[in-house]
Amino acid sequence: MVALEFISNLTNFIIQTISNSGYLGIFFLMIAESALIPIPSEVIMPFSGYLVSVGKFNAILVILAGSIGNLIGSWIAYFVGSRLGREFVLRYGKYVLLRKSHLELTESYFTKYGDKATFISRLLPAVRTYISLPAGVANMSLKKFSIYTMAGSLIWNTMLTYVGVKLGSEWTNIRQYSDYIDVVAAAGAIIAIIIFVKKHRKEKTV
């Protein structure tokens, strides 16, 4: 009951913020989401998509507001990892509901896929918010980090906004479509990786 009440209150907060502040509301909520504050993009972007469907918002501006917010929030998390280190994250992460298992999961992705994990993880609900920390701890190139983060965020936010537009006033039923979203996101990540690898190989042979 407590969890359901929390989710309901959080959803109402998101709705009120976006309704009152427009694109700036989306922008700041998505900064918070990527800066490890537990505010789900799965509520922010579909609700914004619903507002697109009724003519209150422009879809491109919604996606840009969300994605730029993601980038700035990710920079914050990146610099926390880079400047303060893993031990700081483990010690104080509990205050933003970050568990050791979350960090270890994203670290395993980063170790396995390298810099590209920043892009791949942006399309995976379980790890997308936390990947910035191991990227910062590993002192990944900020330029690469920013490019991969923005690319992944644009894809993710476009999908969520599109779902909100299509569902209209039923946007809260997005959970029924979460599996499909994950499949499309994973497919997009695989295609992008293939293109990246082929391009990289061509550059090496030149």
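The values are calculated or read from the model by the stated rules, or taken from the named source; none is laboratory data. Given the structure is predicted, the values throughout are model-derived calculations rather than measurements. Every residue, glycine as well, gets a Cβ built from its backbone with ideal geometry; the counts of neighbours run over all protein chains shown.
Annotations
- Tally, over the range 60-75, of residues that are surrounded by fewer than 24 Cβ atoms within 10 Å (Cβ to Cβ) and farther than 18 Å from GLY22 by Cβ: 2
- In the range 73-87, the residues that are closer than 9 Å to ASN139 by Cα reach residues that are crowded, with 19+ Cβ neighbours inside 10 Å and of a type in the set (A, V, I, L, M) with C-beta atoms within less than 7 angstrom, at least six apart or across chains, in these pairs: TYR78/ALA135; GLY81/VAL89; GLY81/LEU133; GLY81/ALA135; GLY81/VAL137; SER82/VAL137.
- Condition broken by PRO46, with the remaining ones in (1) buried (at least 17 other Cβ atoms within 10 Å of the Cβ); (2) within 23 Å of SER141 (Cβ to Cβ); (3) touching a Leu at 6+ places or on another chain (Cβ under 8 Å) satisfied: (2)
- Unique match (being on the phi > 0 side of the Ramachandran plot and modelled with pLDDT under 95) among GLY81, GLY85: GLY85
- Meets criteria (buried (at least 16 other Cβ atoms within 10 Å of the Cβ) and under 17 Å from the mean Cα position of the chain (by Cα)) for ILE37: no
- Considering the conditions (1) at pLDDT 90 or above; (2) buried (at least 22 other Cβ atoms within 10 Å of the Cβ); (3) small (Gly, Ala, Ser), GLY55 is excluded by exactly one of them, (2).
- Per-region count, the range 135-155, residues of a type outside the set (A, V, I, L, M), out of contact with any Leu (no Cβ under 6 Å at 6 or more places or on another chain) and either touching a residue at least 60 places away in the same chain (Cβ under 8 Å) or not in a helix (DSSP H, G or I) (or both): 5
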